[in-house]
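The values are calculated or read from the model by the stated rules, or taken from the named source; none is laboratory data. From a predicted model like this one, the values you see are computed outputs, not experimental measurements. Note that we place each Cβ from the backbone using ideal geometry, even for glycine, and neighbour counts take in every protein chain shown. Ligands, DNA and RNA are stripped out before the accessible areas are found, and what is left, the full protein with its side chains, is counted by its heavy atoms. Shrake-Rupley method; radii C 1.70, N 1.55, O 1.52, S 1.80 Å.
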Amino acid sequence: MDFATPATLPGSQAVRYPRPSPALAALLSFLLPGLGQAYAGQRRRAFLWALPTLVVLGVAVLFVAAVRDPGYLVGLLIQPTWLLLLLVLDVAFLVYRVAAIWDAYRVAAGVRRGPGTQRAVRIGAVAMAALIVVTIALQGTVAWVDWNAYDLVSGVFAGGSGDGPDWGDGGGADAEAGAAAFAGQALDATDPSAVALGPDGSPLARDASTGGGAGTTGDAGTAGGAGTTGGAGATGTAAGMPAASAIVGSASFVPTPDGSAGPDVFGSPGSATGPQGPASLDPGDGSVGSAGATPPGSGQAGSSASPGASSPGASPTPASADVPYWAKDGRLDVLVLGGDAGPGRDGLRTDSMMLVSVDIASGRAAIFGFPRNLVNVPLPPRIARAFTCRCFPEMLSGYYRWAQSHPDLFTGSKTTRGYRAVAELYAYLTGRTIDGVAAADLNGFVKLVDALGGLRIDVPYRIYDRNYPKEDGSGTMVLEIEPGPQTLSGSLALAFARTRHQDSDYGRMGRQQLVLVALRKQMNPCAMLPRLPDLVKVAKESLWTNIPSAQLPSLLALAQHVDTKRIKRVAFTPPTYGESVTSADVTRMRAAIRDVFKGAPPAPDPNGEGFLRC
């Protein structure tokens, strides 16, 4: 503290006056409550003002140290309940900081003596007011981000307990049924070439005396590098890639010295502890596969091993009650749908359909693309009786609309009925349990790109379509996009992803994946903050998912460890797969999906980037 020594008379003792600066005291308490009080000589008062900050910092440090995984921490903090709690704490902290600044100014002004005191007090008052305004602005920004995050998470993600996908309609669980529920079911009982498939997608032996031993599935290796489909093999892990098998609670992705997964808090990947779906979807019409197929999870001989099983014939390992529902079979499988019900269309069509699969043990990911123009797709036995071919005779993109118009066959609300039906169909088609559905309205895609300031993308070749349909349905237009790096508006980016007259649906699928990669590169949280309200509005209007927000901590922890530069892309397109789907095509699809993580990972993609990093 500064002291002033006034002029003294001969023989008198000099008097020293305290001269703390009120402005400096306010500034110090702005930086750390209590620091200004200590500067003014009030140490006990300083300690009391600093105590709340020290307690909050200590709790935060312990909390971060306990959680360890940054992805899990972020996911935990963006839970709706936590966001509301943080909003209340932010308001309380604002009041506390303003009071600390004012008190530091008042204490310094009260003890200051000597010449220039009045001028210093006036300057301090101005400084204090400015610092209070800055404090309100800073804390207000935090509250603004907090509220928008709450609005986004609560408006897009499902609620529920987090024990499984939450449709929010009170319906059944048919759509979650996957490999386990459909094990052993023949794809088409009327087709002589139909084969019964086990839970791993391999054909089961027709002889009831055999326990379900299956051979290979032919040419599955032509799709995305899938190998043979016999006994399950260990899931491959890329060299130098961290194992990713523990993300619950305070666990994190820590590889063991041999490169295998760390502490297995998810249970045993590939064990029969995953969701089993409905007890039976057999309509009683003989569509269930041949005898000899052992029910999954029984642990008896003859059951087909799942990918990633620890060893052939190993007994299932009971999973912890804390294991996320989507991790119990060792893989996360999310069905991503894109569609629109724009002018000139009689309902929504799912024009973009992909299965995103992540292997939890290795962090490897794959995207499987399904063309919109697939026809005669085999239907689950519960629905197959609706058509004489026991398949969906129209284009696959129309299945959502057809299901919406048949509430007698599908449970759910007007919003969820179609998504339930599509998820159930894909569970049957892929042999995987669909852990969640994420759907986007492609008309909202335009608003999303515009909210991001355009889509920065390197167009690989010239796009020319002289008959591209206008967005308002009023006719056609000439679409022309030159190759090279450029920034596309929302409408132009959608046209780039949707046009197919120049090439085909399969060329469009490739461009859609380019758009997804480019869009992911722009998902920079720091850059998106100024546009947050617009992005939240677009997301609430255009996105839908049945993934519970309670699963965000574990999902973000997993996402942090996905190698985005080595994502495998598989398209089920001709000539390997026919547009008119047969049971043999489905067998190859299931094999390709099951075996996609075997062997070495794909070469790094230079366009790949980390997940949501500033």
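So the values come out like this:
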| quantity | calculated |
| --- | --- |
| Subset tally (residues that are within 21 Å of residue 419 (Cβ to Cβ) and either among the polar types (S, T, N, Q) or open to solvent by 10 Å² or more (accessible area, probe 1.4 Å) (or both)) for region 352-374 | 8 |
| Condition broken by residue 557, with the remaining ones in (1) surrounded by 21 or more Cβ atoms within 10 Å (Cβ to Cβ); (2) in contact with an Asp or Glu (Cβ under 6 Å, 6 or more places away or on another chain); (3) more than 21 Å from residue 159 (Cβ to Cβ) satisfied | (3) |
| Members of region 443-461 found to be in contact with a strand residue (DSSP E or B) (Cβ under 6 Å, 6 or more places away or on another chain), in a helix (DSSP H, G or I) and crowded, with 21+ Cβ neighbours inside 10 Å, listed by number | 449 |
| Hey, residue 515 open to solvent by less than 10 Å² (accessible area, probe 1.4 Å) and at pLDDT below 85 or not | yes |
| Residue within region 402-410 that is closer than 20 Å to residue 585 by Cα, open to solvent by 10 Å² or more (accessible area, probe 1.4 Å) and over 21 Å from the mean Cα position of the chain (by Cα) present | no |
| Matching residues, region 348-393, being among the hydroxyl-bearing types (Ser, Thr, Tyr) and in a loop (DSSP other than H, G, I, E, B) | 362, 388 |
| Filter result (in a helix (DSSP H, G or I), among the charged types (D, E, K, R) and more than 15 Å from residue 90 (Cβ to Cβ)) within region 107-153 | 119, 122, 151 |
| Cβ pairs under 8 Å, 6+ apart, first in region 51-75 and farther than 15 Å from residue 96 by Cα and in a helix (DSSP H, G or I), second among the polar types (S, T, N, Q) and open to solvent by 50 Å² or more (accessible area, probe 1.4 Å) | 66/250; 67/250; 70/560; 71/560 |
| Counted residues, region 399-442 - those being under 28 Å from residue 328 (Cα atoms) and assigned to a helix (DSSP H, G or I) | 14 |
| Unmet requirement for residue 428, which otherwise passes all of (1) modelled with pLDDT of 90 or more; (2) open to solvent by 60 Å² or more (accessible area, probe 1.4 Å) | (2) |
| Test set (1) at pLDDT 95 or above; (2) open to solvent by 80 Å² or more (accessible area, probe 1.4 Å); (3) of a type in the set (Val, Ile, Thr) - residue 53 fails condition number | (2) |
| Region 17-43, residues that are loosely packed, with under 13 Cβ neighbours inside 10 Å and at pLDDT below 95 | 43 |
| Residues of region 313-336 classified as modelled with pLDDT under 90 and within 25 Å of the chain's Cα centre (by Cα), total | 5 |
| Counted residues, region 572-583 - those being touching a residue at least 60 places away in the same chain (Cβ under 8 Å) and open to solvent by 50 Å² or more (accessible area, probe 1.4 Å) | 4 |
| Selection from region 486-512 of residues that are at pLDDT below 85, over 19 Å from the mean Cα position of the chain (by Cα) and within 29 Å of residue 71 (Cβ to Cβ) | 497 |
| Answer residue from region 155-186, given it is surrounded by fewer than 17 Cβ atoms within 10 Å (Cβ to Cβ), out of contact with any Lys or Arg (no Cβ under 9 Å at 6 or more places or on another chain) and modelled with pLDDT of 85 or more and is nearest to residue 83 (Cα to Cα) among those | 159 |
| Qualifying residue in region 498-517 (condition: touching a helix residue (DSSP H, G or I) at 6+ places or on another chain (Cβ under 6 Å), part of a helix (DSSP H, G or I), touching a residue at least 60 places away in the same chain (Cβ under 8 Å) and not acidic (Asp, Glu)) | yes |
| Residue in region 475-486 that is crowded, with 19+ Cβ neighbours inside 10 Å, among the aliphatic types (A, V, I, L, M) and in contact (Cβ under 8 Å) with a residue 24 or more places away in the chain present | no |
